[in-house]
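Enquirer: Supplied in structure tokens, the structure appears directly below.
The values are calculated or read from the model by the stated rules, or taken from the named source; none is laboratory data. Quick caveat, the model's predicted, so the values are computed rather than measured. Glycine also receives a Cβ, built like all others from the backbone with ideal geometry; neighbour counts cover every protein chain displayed. Each accessible area value is taken on the protein alone, full model and side chains, heavy atoms only, with ligands, DNA and RNA left out. Shrake-Rupley method; radii C 1.70, N 1.55, O 1.52, S 1.80 Å.
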Amino acid sequence: MNCKIGVISGDGIGPEIVREARKVLDRTAEKFGHVFQYTELLLGGASIDVHGVPLTEETIEKAKACHAVLMGSIGGDAKTSPWYRLEPSKRPEAGLLGIRKALNLFANLRPAYLYDELREACPLREDISAAGFDLLIMRELTGGLYFGARKTENIDGVRTATDTLTYNENEIRRIAKRAFEIAEKRRKKVCSVDKANVLDSSRLWRTVVEETAKDYPDVELSHMYVDNCAMQLVMNPAQFDVILTENMFGDILSDEASMVTGSIGMLSSASLNDSSFGLYEPSHGSAPDIAGQDKANPIATILSAAMMLRYTFDLDKEADAVENAVRQVLKEGYRTGDIWSEGCIKTGTAQMGDLIADRI
Ligand code: NAD
């Protein structure tokens with residue numbers, strides 16, 4: 001297969017972790033007989049340094065010409081970096097929001113997986129973590145409360161603020177379809193999370209998800225109120241496969257789900273549109289405190305590359321090979337500093353990439 005991959009190395013530890021992900025991708029291409037062609041794209045602080053703005057039309061056009069984009073992370077230290085003396089719309093993070101919008105990336109996927117070897121880092125009670133978990137949160141990213149009309153006004157001398165939460169059936173249907181498609185590649189379960197006992201938007205959400213489910217008879221659909229889901233994630237995370245939810249609920253639940261794994265350097269993510277295109281990136285930031293020191297954990301980025309193989313290129317065998325290589329390296333006791341514990345072998349960023357690539 002011939003795959004065109006845009007690469008945003010970004011800022012801070014970005015270039016180091018992306019280099020390792022490319023190492024692993026190149027080994028995968030060699031092993032399975034594919035060609036991965038990379039196009040370098042500038043975004044965030046790296047783009048400000050060259051063009052004065054965090055996102056250019058050139059980056060958008062080049063990204064659109066690729067099948068997928070793999071990204072490190074963007075941003076710097078807000079206290080010391082000159083990027084943060086610019087007005088908010090010119091700062092690195094504005095570039096990320098801009099590219100998500102330009103590429104119409106409405107579906108955000110964040111897996112939360114507990115590796116046996118990292119169980120000690122899990123903050124849950126031992127009897128709960130012993131069951132393990134492997135879930136994926138599918139969050140609507142471009143609608144709902146964060147994008148609705150808002151205003152702050154003074155009504156009869158009382159300061160009053162209003163936000164509006166709107167979803168139409170098309171927005172709900174397109175993300176529901178995505179969730180069912182992805183569940184078909186996993187354990188075939190979707191739990192749709194809403195607040196249908198209170199909100200009209202949630203009642204429509206539930207209705208449209210149920211309508212959509214009829215096209216996916218092999219996937220089991222359940223519904224859960226968001227407050228219950230927040231509890232279930234810490235009481236019994238093993239029950240979940242794909243959790244489908246709207247923007248604000250997903251924002252909160254996906255952070256909760258990732259924190260129960262206890263390892264920020266391990267968490268991958270993807271943002272998809274309604275074609276096979278996706279932007280794949282680790283969930284963590286650019287960690288300026290450890291940039292350039294060969295200390296960063298590249299695994300979240302490597303697992304994001306595995307998601308790209310699975311969801312954009314439909315290369316399940318290859319994605320499995322990358323995920324198994326990560327598991328194998330952990331099993332052999334290798335750890336970067338962030339996940340290191342007594343008795344393990346400490347490695348740097350580059351060595352971790354080599355170890356994983358060697359096991360493909
Ligand atoms: P962060 O995730 O960069 O760092 C939080 C802590 O986790 C730090 O101690 C860091 O050293 C550590 N850490 C993060 N990733 C690691 C890795 N792969 N290996 C080892 N340790 C790791 O969050 P922050 O400090 O709040 O943000 C730093 C910058 O990143 C800011 O400019 C922020 O805006 C940006 N950011 C970017 C993204 C993105 O690109 N999508 C996401 C979040 C934050």
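Enquirer: With Cβ to Cβ distances under 11 Å as the rule, what net charge do the other residues near Asp116 carry (K, R +1; D, E -1)?
Expert: My count for the surroundings of Asp116 gives +1.
Enquirer: Hey, another quick one. Near Lys4, which aspartates and glutamates are there with a Cα under 20 Å away, not counting those fewer than 8 places off in the same chain?
Expert: Within the straight-line cut-off, Lys4 pairs with Glu20, Asp26, Glu30, Glu40, Glu57, Glu58, Glu61, Asp274, Glu281, Asp314, Asp316, Glu318.
Enquirer: Here's another thing I want to ask about it. Using a cut-off of 12 Å between alpha-carbon atoms, which aspartates and glutamates can reach Lys188, once sequence neighbours fewer than 8 places away in the same chain are excluded?
Expert: Partners found: Asp218, Glu220, Asp241.
Enquirer: Treating the beta-carbon of each Lys and Arg as +1 and of each Asp and Glu as -1, no other charges, what is the dipole magnitude of the stretch 123-259 about its Cα centre, to the nearest 20 debye?
Expert: The dipole magnitude comes to about 200 debye.
Enquirer: Count the net charge of all other residues whose Cβ sits under 12 Å from the Cβ of Asp163, scoring Lys and Arg as +1 and Asp and Glu as -1.
Expert: So the surrounding residues net to +2.
Enquirer: Write down the accessible area per residue of the stretch 123-259 in Å², having rolled a 1.4 Å probe over the full set of protein chains.
Expert: 50
Enquirer: Still on this structure, please answer the following. Can you tell which of Gln351, Ile264, Asn170 lies farthest toward the positive end of the dipole of the chain, using +1 and -1 charges on the Cβ of basic and acidic side chains (Lys, Arg; Asp, Glu)?
Expert: Asn170
Enquirer: Just subtract the alpha-carbon distance of Glu57 and Asp218 from 0.36 nm times their residue separation and send over the number in nm, one decimal. Before the final figure, lay out each step's value.
Expert: On the way: separation 161, 0.36 × 161 = 57.96 nm, distance 4.22 nm.
Stretched fully, the Glu57-Asp218 segment lengthens by 53.7 nm.
Enquirer: Restricting to Cα pairs below 8 Å that are 6+ residues apart, what does the relative contact order work out to for the stretch 123-259? Please round to a whole percent.
Expert: 37
Enquirer: Lys and Arg at +1, Asp and Glu at -1: add these up for the other residues within a Cβ distance under 14 Å of Cys3 and post the number.
Expert: Spelling it out: positives minus negatives among the neighbours equals -1.
Enquirer: Using 0.36 nm per residue of separation minus the Cα-Cα distance, give me the extension gain between Asp316 and Lys64 in nm, one decimal.
Expert: Numbers: separation 252, 0.36 × 252 = 90.72 nm, distance 2.35 nm.
Extending this stretch completely gives an extra 88.4 nm.
Enquirer: Just to confirm the filter: which trypsin sites (Lys or Arg not before Pro) across the stretch 66-112 are DSSP coil and have at most 15 other Cβ within 10 angstrom of their Cβ?
Expert: The qualifying sites are Lys79.
Enquirer: Let me ask something else about it. Average the reciprocal distances over every distinct pair of alpha-carbons in the chain, invert the result, and give the Kirkwood radius in Å. Can you show the working numbers first?
Expert: Numbers: mean 1/r = 0.0472 Å⁻¹.
That comes to 21.2 Å for the chain.
Enquirer: Okay, next question. Along the charge dipole of the chain, which of Gln328, Gly285, Gly143 sits closest to the positive end, that is, farthest toward it, with unit charges on the beta carbon of Lys, Arg, Asp and Glu (+1, +1, -1, -1)?
Expert: Going by the charge dipole, the pick is Gly143.
Enquirer: Continuing with the same structure: Within straight cross-link reach of Lys23, meaning Cα distance under 13 Å, which aspartates and glutamates are found once same-chain residues fewer than 8 apart are removed?
Expert: Leaving aside aspartates and glutamates fewer than 8 places away in the same chain, those within reach of Lys23 are Asp354, Asp358.
Enquirer: So what is the relative contact order of the chain, in percent, for Cα pairs below 8 Å that sit 6 or more residues apart?
Expert: Value for the chain: 22 percent.
Enquirer: Another question about this same structure. Which helices, counted as full DSSP H runs in the chain, have an axial Cα extent of no less than 15 Å and a Kyte-Doolittle average of -1.0 or above?
Expert: 14-32, 92-102, 169-184, 200-213, 247-259, 299-311, 316-331
Enquirer: Beyond 27 Å between alpha-carbons counts as too far, so tell me which of Lys64/Lys295; Lys64/Lys331; Lys62/Lys214; Lys90/Lys346; Lys189/Lys295; Lys185/Lys214 fall in that bin. Show your work: numbers first, answer last.
Expert: Values: Lys64/Lys295 33 Å; Lys64/Lys331 39 Å; Lys62/Lys214 38 Å; Lys90/Lys346 39 Å; Lys189/Lys295 37 Å; Lys185/Lys214 17 Å.
Listed pairs above 27 Å: Lys64/Lys295; Lys64/Lys331; Lys62/Lys214; Lys90/Lys346; Lys189/Lys295.
Enquirer: What 222 nm value per residue comes from the helices of the chain, counting each DSSP H run with n ≥ 4 as -39,500 (n - 2.57) and dividing by all residues, nearest 500 deg cm²/dmol?
Expert: One gets -12000 deg cm²/dmol as the mean residue ellipticity at 222 nm.
Enquirer: Quick one: if the Förster radius is 30 Å, what FRET efficiency do Lys189 and Ser275 give, using the C-beta to C-beta distance and rounding to 0.05?
Expert: Numbers: r = 25 Å, r/R0 = 0.84.
Efficiency computed from Cβ-Cβ geometry: 0.75.
Enquirer: Going 7 Å from the Cα of Gln232 in the Cα-to-Cβ direction, what parts of the stretch 165-200 have a backbone nitrogen less than 15 Å from that spot?
Expert: Residues 188-197 fall inside that zone.
Enquirer: In whole angstrom, how far apart do the alpha carbon centroids of the stretch 120-195 and the stretch 299-347 sit?
Expert: For the stretch 120-195 versus the stretch 299-347, the Cα centre distance is 27 Å.
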